[in-house]
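Here the structure is laid out as structure tokens; the discussion comes afterwards.
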Amino acid sequence: MTIFVAGFGGLLRIWRLSEPRAVVFDETYYVKDAWTMLMTGEARDWPKTITLSDTTSTIDKLFASGNTDQWLPTAEYVVHPPIGKWLISLGLKFFGGATNIAAWRISVAIAGIIAIAILMRVALRLFHNLPIAVLAGVLMSVDGVGITMSRTGLLDNFIMVFALGAFSMLLIHRDWARERLREQYAIDASARSARWIPSTSRFDRDHPLLLVAKGPRLAFSWWRFAAAILLGLATGVKWSGIYFFAVFCVLSVVWDAWERRRVGYARWLHTGLLRDAPLTALYMLPLLALTYVASWTGWFLHSDSYMHDWAANHPGEGVTWLPDTLRSFVQYHIQMWKFHTTLDTPHNYMANPLTWPLQIRPTSFYWERVSGHPGLCSLQPQSQCVAAVTSLGNPLIWWIGSACALALLVLAILRKYDWRMWAVWAGFLGGWLPWAQYMHRTTFTFYSIVILPWIILAICAMADWLRHHASKRIWQFSIGIPLGAILVISAFFYPIWTAMPVPYEFWLSHMWFQSWI
């Protein structure tokens with residue numbers, strides 16, 4: 001079933017992947033960077049315009065037409081780590097090079113397909129229900145942000161799939177830890193030296209074998225090891241990956257401590273925080289750092305990389321006790337930090353982070369008038385024909401998902417839902433709320449791709465709650481009717497997610513709000 005649903009989502013992502021045949025939005029940075037990294041080992045500068053045969057064209061038009069060797073010898077100042085661009089370069093290498101426009105985007109498309117499969121496995125592990133897992137995969141397959149970000153050579157899809165993969169690893173760690181605790185508890189309970197703690201609390205009545213024994217260490221597992229590497233890779237795409245690391249690690253340690261309590265060990269919080277947490281940090285933090293630094297190998301190997309010789313040209317400046325190469329590396333990161341924290345240049349499609357879950361101001365990646373009347377335009381030959389790529393999520397998915405996330409929070413406060421509420425909210429805490437500290441910064445709604453899996457998991461969690469608290473018929477209607485509406489809306493919006501030529505009036509009919517234009 002996972003393969004079938006992921007294949008369906010893959011078809012929506014790969015069909016006509018070379019359209020539009022143009023450099024779309026920030027592809028102007030990432031695709032060209034990826035190409036020069038593949039060709040020279042480092043990102044190179046590009047001229048703004050080039051004159052060929054007495055005709056002056058922008059570099060983006062030339063690049064899209066196949067003239068891809070016009071880069072300059074100087075290294076480019078890039079403001080994001082290199083992992084995402086190296087992944088784009090893999091698509092360029094194995095799918096025909098920069099002259100094949102689909103090769104620009106195949107890596108992000110593959111990442112989007114992998115995300116569908118991972119999300120289904122996550123949903124199955126959380127809710128132990130195949131229909132809910134299928135629901136998660138279908139919603140991920142047909143959402144507009146998921147589709148457009150899997151068809152455009154940008155970086156954020158990689159952050160999403162790495163963070164989702166790490167989350168999956170930590171869920172597996174949780175199941176491993178629970179089984180290990182149960183096995184050890186059975187041994188401790190039968191040991192003659194076990195000391196009982198008298199108590200009349202409801203928890204202790206439910207756990208009559210409450211033990212003083214500390215139980216096994218849970219700090220290390222290969223699942224957590226893998227999660228740290230995946231989160232290091234996410235941070236190596238964009239620095240925002242570090243927020244997922246912070247939230248997921250804390251959540252994982254709390255899960256372990258809570259499982260100690262559920263099994264029946266006393267002093268569970270003390271043991272979890274003082275025994276497991278420091279050991280967890282002792283290896284996960286270095287793993288994150290080493291993975292991140294390793295992603296910059298190309299910068300270290302190429303002496304002409306950007307700011308590589310900064311220390312030699314600025315003696316006595318920066319972190320002076322470091323070797324020159326590391327001093328230059330640190331100074332480069334300081335410059336990147338200043339760029340990101342002071343970026344406030346107005347943009348027509350900038351969007352306040354607080355509005356992302358409601359998709360109030362989607363990002364127009366591409367909008368062009370099309371000559372002739374190809375495709376759907378033939379149905380209205382008297383109308384102007386246009387093609388658009390609008391990074392707009394399926395409204396029902398995002399609106400219902402946001403409402404479900406809030407409802408889950410209420411249910412958890414009322415103690416009518418369990419630890420899985422925090423599993424759902426982990427994505428919001430790591431991928432969305434940290435942006436609240438950058439309200440002045442120029443940000444875009446398409447960044448919300450990183451929380452799309454948790455928007456969908458919120459819907460799945462409410463479906464799971466209804467499964468246990470409503471009749472079968474009510475549950476089927478509450479899932480089936482919204483899902484049918486979501487599929488119809490996705491079919492309606494698919495042309496403006498994928499640059500299909502459509503009549504201007506058809507495009508305008510999708511602009512439900514003024515802020516969507």
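The values are calculated or read from the model by the stated rules, or taken from the named source; none is laboratory data. Given the structure is predicted, the values throughout are model-derived calculations rather than measurements. Please note: Cβ atoms are built from the backbone with ideal geometry, for glycine as well, and neighbour counts cover all protein chains shown. For the accessible areas, the whole protein counts, side chains as well, though only heavy atoms, and no ligand, DNA or RNA atoms are used. Shrake-Rupley method; radii C 1.70, N 1.55, O 1.52, S 1.80 Å.
Annotations
- Taking the stretch 204-320 and dividing mean pair separation by its residue count, relative contact order in percent (alpha carbons under 8 Å, at least six apart): 33
- Three-way shape label, the stretch 253-371, alpha-carbon gyration tensor, a/c 1.5: oblate
- Span-like helix check, the chain: qualifying full DSSP H segments, with Cα axial length of 24 Å or more and mean Kyte-Doolittle of -1.0 or more, are 101-127, 156-190, 241-263, 277-294, 324-342, 395-413, 452-469, 472-497.
- Mean separation of Cα pairs under 8 Å and 6 or more residues apart, divided by the residue count, gives the chain a relative contact order of 17 percent.
- Cut-off 11 Å between beta-carbons: net charge of the residues surrounding W71, Lys and Arg +1, Asp and Glu -1: -3
- Excluding ligands, DNA and RNA, the accessible surface per residue across the chain is 44 Å² with a 1.4 Å probe.
- Pairwise centroid distance, computed over Cα atoms, of the stretch 132-188 with the stretch 287-310, Å: 29
- Dividing the radius of gyration of the alpha carbons in the stretch 447-517 by their Kirkwood radius gives 1.10 for Rg/Rh.
- For the stretch 61-78 versus the stretch 481-517, the gap between their alpha-carbon centres in whole angstrom: 34
- Accessible area of the chain belonging to carbon and sulfur atoms, whole % at 1.4 Å probe: 65
- The order of the peptides 387-398, 446-457, 266-277, 34-45 by mean Cβ neighbours within 10 Å, most packed first, is 446-457, 387-398, 34-45, 266-277.
- Gain in span if fully extended, V488 to A186, counting 0.36 nm per residue against the direct Cα distance: 103.5 nm
- Neighbourhood charge, 12 Å Cβ-Cβ cut-off, centred on I451 and excluding it, Lys, Arg +1 and Asp, Glu -1: -2
- For K338, net neighbour charge (Lys/Arg +1, Asp/Glu -1) across residues whose Cβ lies under 14 Å away: 0
- Pairs of lysine residues in the chain that meet both criteria, 8 or more places apart or on different chains and Cα atoms under 15 Å apart, total 8.
- The structure shown yields Cα extents along the principal axes in Å, and of the options (1) 92, 68, 40; (2) 61, 59, 51; (3) 83, 48, 47 that calculated value carries the label (1).
- For the stretch 1-138: relative contact order, % (alpha-carbon pairs under 8 angstrom, 6 or more apart): 32
- When each of the peptides 301-307, 145-151, 232-238 is scored by the mean number of other C-beta atoms lying within 10 Å of its residues, the order from highest to lowest reads 145-151, 232-238, 301-307.
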